[in-house]
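Here's the structure, in structure tokens; my notes come after.
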Amino acid sequence: MRIRTAAVATTVAVGALAALTAVPAHAAEYNSALKVRGVQYDAPGPDSNKCSTGNTRHEYLTIKNYSSTKTVNLKGYVVKDAVGNRFVFRTNHYLEPRDYVKLRGGNGTDSDKNNVAYRNNCNFIWNNDKDTIYLVKPTGSRADVHAYTKRGSDPDGDGYISFHK
């Protein structure tokens, strides 16, 4: 009887250990305080990438610093999509703990105070139906990755998908 109990206890312990170590690969792969918070992939109105009158600036990606203690400088971080459209943060842009920035299309003036950075490009970057967003550290390793599809992933139909709270 003792042997059975020990064998059952060992089996339970091994099963519990396996359950604890069965973490999704992406959870271990992306060790970063910065995460994609959400994306406004379909700017309101008819798409127009004219710099003077278009709606590119209403397409944006929100990046949040989920650290409660660490300030992160975005300089050198890359945001790109599945087909290689990319934006590089070329200047200092500091995200305080729990702070966020909206990376907007179109032209504008970056502002830490207003939590905004502009791509200074009037072309749309995110597809209106589906895309994959990669946030890459200056070292080249991934900070975060998110894929979206219009159907089923945008519960209120506003073209903005929120990923993390």
For ASN115, what is the net charge nearby, where nearby means another residue's Cβ is under 13 Å from its Cβ and Lys, Arg count +1, Asp, Glu -1? +2
Taking only protein heavy atoms and a 1.4 Å probe, the highest-to-lowest accessible-area order of HIS93, HIS146 is HIS146, HIS93
Listed by chain and number, the lysines with an alpha carbon less than 22 angstrom from that of LYS50, same-chain partners under 8 positions apart left out, are LYS80, LYS102
Of TYR118, TYR134, TYR94, ordered by accessible area with the largest first and a 1.4 Å probe, the sequence is TYR94, TYR134, TYR118
Derived scalar couplings ³J(HN,Hα) [segment 123-136; Karplus, 6.51 cos²θ - 1.76 cosθ + 1.60; whole Hz; x for Gly, Pro]: 7, 6, 10, 9, 5, 6, 9, 6, 6, 10, 10, 10, 10, 10
Mind jotting down the distance between the C-alpha centroids of segment 72-102 and segment 110-141, whole Å? 7 Å
When the Kirkwood hydrodynamic radius is evaluated over all pairs of different C-alpha atoms of segment 46-108, what value in angstrom, to one decimal, is obtained? 13.2 Å
With all protein chains present, segment 35-126 has a carbon and sulfur share of its accessible area (1.4 Å probe) in percent of 44 percent
For a quick check of understanding: with a 1.4 angstrom probe and all protein chains in place, what accessible area in square angstrom does ARG98 have, to the nearest ten? 130 Å²
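The values are calculated or read from the model by the stated rules, or taken from the named source; none is laboratory data. From a predicted model like this one, the values you see are computed outputs, not experimental measurements. Counting neighbours? That spans all protein chains shown, and the Cβs are built from the backbone with ideal geometry, glycine included. Side chains are part of the model used for accessible areas, which takes the heavy atoms of the whole protein and leaves out ligands, DNA and RNA. Shrake-Rupley method; radii C 1.70, N 1.55, O 1.52, S 1.80 Å.
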